[in-house]
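First up is the structure itself, then whatever we jot down about it.
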Amino acid sequence: MTDVTFDNGKLSALYVHELWWLSSSLIRKAEHLFEEARIPESGYLLQVSPELHSVIASILADAANIKKMIVTPSAKLNGESGGQSRLRKERAKRLKDLIGDIELEEILNHKVRNTLEHFDEYLDEANVKLSKAKIPPSPMAAYNMILSHWEVTDPPVYPVRVYISSERMFYNLKWNVNIGLLYDEALAIIGELKKLPGLDREEGPGGMMLRLDVPNA
């Protein structure tokens, strides 16, 4: 049986749109974060904001899913047929080719996914180390906080989910992610995708209805 490919699959049109949608989603959420995580004209500001940390988690999820669209293991995955494996690798290569040679330093960084998927493990690890430490790294730990600058406290807090607005950086225990760089890289992806026919719409990605009852070419 002939393989389903990036070009002949009945749902293949969704690959580019999914990449477009994920990148647009990341951009929209990051702009909301930048607007709401305020930087005062003078002095420092501390905000308690579980809501903005939910936005950050969603930004990281979008970035991790963008990476999965364009980077994939060469080995066959569990439960995957040969045809699916070949399509998955072709899809990743074709999408990577579509966005050209733009640098995706932060989107492709493994720490983006680690901060999402292994937080409980890292929290356990930090809890043990801090509880046994004779001298803690900081007198205070901060959780779900937005700080305009590290200098909000002296000495700086130990970060358990802390966003520094002036840096556009997210600190999560032993990891840190540059949200500003994720935003710039998503903008670069959109810039490349908008060169494709039909993807230069100002309103951005929407929905699609795809015919499944048409014979394959």
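The values are calculated or read from the model by the stated rules, or taken from the named source; none is laboratory data. Computed from a predicted model, the values in this text were never measured in an experiment. As a convention, Cβ positions derive from the backbone with ideal geometry for all residues, glycine included, and neighbour counts pool all protein chains shown. What goes into the accessible areas is simple: the full protein's heavy atoms, side chains included, and nothing from ligands, DNA or RNA. Shrake-Rupley method; radii C 1.70, N 1.55, O 1.52, S 1.80 Å.
Just one of the listed residues (L173, L87, L181, L147) is under 30 Å from V4 (Cα atoms) and among the aliphatic types (A, V, I, L, M), and it is L87.
Just to be sure, is F6 open to solvent by 20 Å² or more (accessible area, probe 1.4 Å) and either hydroxyl-bearing (S, T, Y) or closer than 21 Å to S165 by Cβ (or both)? Here the answer is no, as F6 does not meet what is asked. Looking only at residues in the stretch 166-217 that are of a type in the set (F, W, Y) and touching a helix residue (DSSP H, G or I) at 6+ places or on another chain (Cβ under 8 Å), the one that is surrounded by the fewest Cβ atoms within 10 Å (Cβ to Cβ) is W175. Exactly one residue out of Y163, Y183 is at pLDDT 95 or above, part of a helix (DSSP H, G or I) and among the hydroxyl-bearing types (S, T, Y), and it is Y183. Being part of a helix (DSSP H, G or I) and not acidic (D, E) is the filter here; which residues of the stretch 117-131 pass it? If the condition is that a residue be part of a helix (DSSP H, G or I) and not acidic (D, E), then F119, Y122, L123, A126, N127, V128, K129, L130, S131 are the ones that fit. Within the stretch 48-74, residues that are within 11 Å of L108 (Cα to Cα) have Cβ atoms under 8 Å from residues that are open to solvent by 20 Å² or more (accessible area, probe 1.4 Å) and not in a helix (DSSP H, G or I) in these pairs: K67/L108; V71/L108, counting only partners at least 6 apart in sequence or on another chain.
Does A92 satisfy the criteria of being closer than 23 Å to K194 by Cα, free of Cβ contacts under 8 Å to residues at least 40 places away in the same chain and either open to solvent by 60 Å² or more (accessible area, probe 1.4 Å) or aliphatic (A, V, I, L, M) (or both)?
yes
Within this structure, G82 fails the test of being touching a Ser or Thr at 6+ places or on another chain (Cβ under 9 Å), more than 19 Å from L182 (Cα to Cα) and surrounded by fewer than 17 Cβ atoms within 10 Å (Cβ to Cβ). Of all residues in the stretch 1-35, those satisfying the criterion of being touching a residue at least 24 places away in the same chain (Cβ under 8 Å) and either over 23 Å from R94 (Cβ atoms) or aromatic (F, W, Y) (or both) are F6, Y15, W20, W21, K29, A30, E31, L33, F34.
Of the helices (runs of 4 or more DSSP H) lying entirely inside the stretch 1-116, the ones with 2 or more residues being under 30 Å from P156 (Cβ atoms) are found at 13-36, 50-70. If you scan the stretch 132-157, which residues turn out to be out of contact with any Pro (no Cβ under 8 Å at 6 or more places or on another chain), in a helix (DSSP H, G or I) and of a type in the set (A, V, I, L, M, F, W, C)? Residue satisfying the conditions is V152 alone. The test for being more than 30 Å from S42 (Cα to Cα), under 26 Å from the mean Cα position of the chain (by Cα) and modelled with pLDDT of 95 or more does not hold for E117.
Within the stretch 104-162, the only residue that satisfies the criterion of being open to solvent by 60 Å² or more (accessible area, probe 1.4 Å), among the small types (G, A, S) and within 30 Å of L26 (Cβ to Cβ) is A141.
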